Amino acid sequence: MTPDNLILTWFHVDMASAFSDMLFRWFSSKYYFSFPILLTLLLYAVQKQGWRGIFWWFSLILVIGLGDQLGNQLKELFSEVRPCTSHEAFQGLRADDICTYSTKGMPSNHAINFFTATLFVILTRPQWHVWHSFLLICSILAGLSRIYLAKHFPSQVIAGSFIGTYIGTLTALFYHHRKWSSTLLHIKNIPILRKEP
């Protein structure tokens, strides 16, 4: 048995309980877990920074969307099955967790999106320490939920977390570059600093 299957069996079979099912389905839910986090983050950003916070939040949404689309393209490229597709993909699969919507699982978009958002927030809002810890914990829980529910093999979640970390870091650097470029352009336009022909 491969390490992927060993870890997946431990999460999906050995840890299985009614309470764990409920908990990890919540961590995996876009409507009851991901979206409320984003809405709370928007309210916090507006409280702290007003219109600048709104602009920053929409930048975050754009970055998450970018990561999500990249994940979809990589799924088509790798064409690696999810463990929930059939008992042939994963023998320990519980009947109520069989996939009915998508068969391709490399990488995990949940992991990409959460880690993209986490790194973007950490690097563009370094003063929001509580959010850093909170989002990191949420990212780990969301990733584990995909393993527990057999929606992804552990390797697919790990790959998604690395890709998300890379995207979040790269887009945060671009965000800072854009901000500093705008500031420098504004400084150059100050009359006293403008060079006369």
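Of all residues in segment 71-82, those that are in contact (Cβ under 8 Å) with a residue 40 or more places away in the chain have Cβ atoms under 6 Å from Cβ atoms of residues that are surrounded by 19 or more Cβ atoms within 10 Å (Cβ to Cβ) and assigned to a helix (DSSP H, G or I), 6 or more apart or on another chain, in 71/109; 71/112. Among the residues here, residue 93 does not qualify as in contact (Cβ under 8 Å) with a residue 60 or more places away in the chain and either part of a helix (DSSP H, G or I) or closer than 22 Å to residue 169 by Cβ (or both). Does residue 94 count as more than 12 Å from the chain's Cα centre (by Cα) and either at positive phi or surrounded by 23 or more Cβ atoms within 10 Å (Cβ to Cβ) (or both)? Judged against the criteria, residue 94 is not a match. Taking the conditions (1) modelled with pLDDT under 95; (2) part of a loop (DSSP other than H, G, I, E, B) in turn, residue 107 satisfies each one other than (1). Would you mind stating whether residue 22 is part of a helix (DSSP H, G or I) and over 19 Å from residue 108 (Cα atoms)? Spelling it out, residue 22 is indeed part of a helix (DSSP H, G or I) and over 19 Å from residue 108 (Cα atoms). In segment 3-22, the qualifying residues are those that are of a type outside the set (Asp, Glu) and without any contact (Cβ under 8 Å) to a residue 24 or more places away in the chain, and the one that is farthest from residue 149 (Cα to Cα) is 6. Sort through 161, 155 and tell me the only one that's modelled with pLDDT of 95 or more and more than 14 Å from the chain's Cα centre (by Cα). When all the criteria are applied, what remains is 155. One residue is enough: does segment 132-146 have a residue meeting the conditions touching an Asp or Glu at 6+ places or on another chain (Cβ under 6 Å) and in contact (Cβ under 8 Å) with a residue 12 or more places away in the chain? Checked segment 132-146: no residue is touching an Asp or Glu at 6+ places or on another chain (Cβ under 6 Å) and in contact (Cβ under 8 Å) with a residue 12 or more places away in the chain.
When you look at residue 63, is it in contact (Cβ under 8 Å) with a residue 24 or more places away in the chain, within 25 Å of residue 107 (Cβ to Cβ) and buried (at least 18 other Cβ atoms within 10 Å of the Cβ), yes or no? Yes; evaluated as a whole, the condition is true for this residue.
Can you say whether residue 144 is surrounded by fewer than 21 Cβ atoms within 10 Å (Cβ to Cβ) and over 22 Å from residue 5 (Cβ atoms), as far as the supplied structure shows? No, not satisfied.
The values are calculated or read from the model by the stated rules, or taken from the named source; none is laboratory data. A quick note: this is a predicted structure, and the numbers were derived from the prediction, not measured. We place every Cβ from the backbone using ideal geometry, glycine too, and count neighbours over all the protein chains shown.
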